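Every number in this text was worked out from the coordinates using simple rules, so none of it is lab data. The structure presented is a predicted model; accordingly, all values stated were derived computationally and were not measured. So basically every Cβ, Gly included, is an ideal-geometry build from the backbone, and we count neighbours across all protein chains shown.
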Amino acid sequence: MDNLSFFEKRLTDRSVRYILRLDGGDNMKDKRIVRGEETYNRIIDAALNIISEDGLSGISAAKISARAGVSKSNIFHHFESTTDIPMVVLERLLTDMIVPAYQMDVSTIGEMLTELEHIIFNTEDGNDIYHRVFLSFYHGAMNNETYRDIMGRFINDSVEIVSERLVKMSSRQISKDQAEGYAKLILTTMDGIGVHMMVSQDYSKQYDSWLVLKKLIIKELSR
């Protein structure tokens, strides 16, 4: 894998296309780009909040317009259809999760698992919005092939990141296939516990369950 993940590439490509579309060659193009990007981001932020409250079915031009404070015509200047907007929300959501994983500065398996806790179990103010939106897309992926494809790419990227670290940091030699198996176990367990944290609102009990597996993984890969 190169330095950019699938999600970083998608957002970078989208930004380049956006700038080229606005580049009319006049002296005002920089201001137009800035204003356009601000509007674009307000639309996405509004959509994210709507999905967190009403689910994917809650997305409409009227709701986004009211929430973002932009006209409907402005929305359709940036998007051909409101059905395109959730795709961008999902890409942004997953990119915000995958990039910190790439940037982990760790030297032991225990440190890596702790960093993953900060990414997946984050309970800072506002992060529950991301949890609710993620769950909405998780549910939507069961019946939407496009969502399912993006979620699959996210899972593959995540497994590759974690398995590569495990191979390097394990005190005993493990194969790539073994590392991928451990990575899938770690990520699917953390994912499930994160959902239970959100639903039950009982962070400490769910976190204690994770610590049991965390200790077992560290012990298994350190013997």
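From the square roots a ≥ b ≥ c of the eigenvalues of the alpha-carbon gyration tensor of the stretch 104-222, which class results: rounded (a/c under 1.5), prolate (a/b over b/c), or oblate? Oblate, because a/c is 1.5 or more while a/b does not exceed b/c. Excluding MET190 itself, calculate the net charge of residues whose Cβ lies under 13 Å from the Cβ of MET190, where each Lys or Arg counts +1 and each Asp or Glu counts -1. Neighbourhood net charge equals -1.
By the beta-carbon count within 10 Å of each Cβ, the least crowded to most crowded order of SER65, SER158, SER73, fewest first, is SER73, SER65, SER158.
One decimal place: the segment SER71-THR108 gains 8.2 nm when fully extended, by the rule 0.36 nm per residue minus the C-alpha distance. Shown here for the stretch 120-176: GluC sites (Glu not before Pro) in loop regions (DSSP other than H, G, I, E, B) with at most 11 other Cβ atoms within 10 Å, namely GLU124. For the stretch 104-222, the Cβ-based charge dipole about the Cα centre amounts to some 420 debye (Lys, Arg positive; Asp, Glu negative; other atoms uncharged). Ranked by how many other Cβ atoms sit within 10 Å of their own Cβ, fewest first, the residues MET198, MET142, MET169 fall in the order MET142, MET169, MET198.
Taking the Cα centre of the stretch 67-185 as the origin and placing charges on Cβ (Lys, Arg +1; Asp, Glu -1), which of ILE75, SER158, TYR147 is farthest toward the positive end of the dipole? Value computed over the given set: TYR147. In terms of surrounding Cβ atoms within a 10 Å radius of their Cβ, VAL212, VAL88 rank from fewest to most as VAL212, VAL88.
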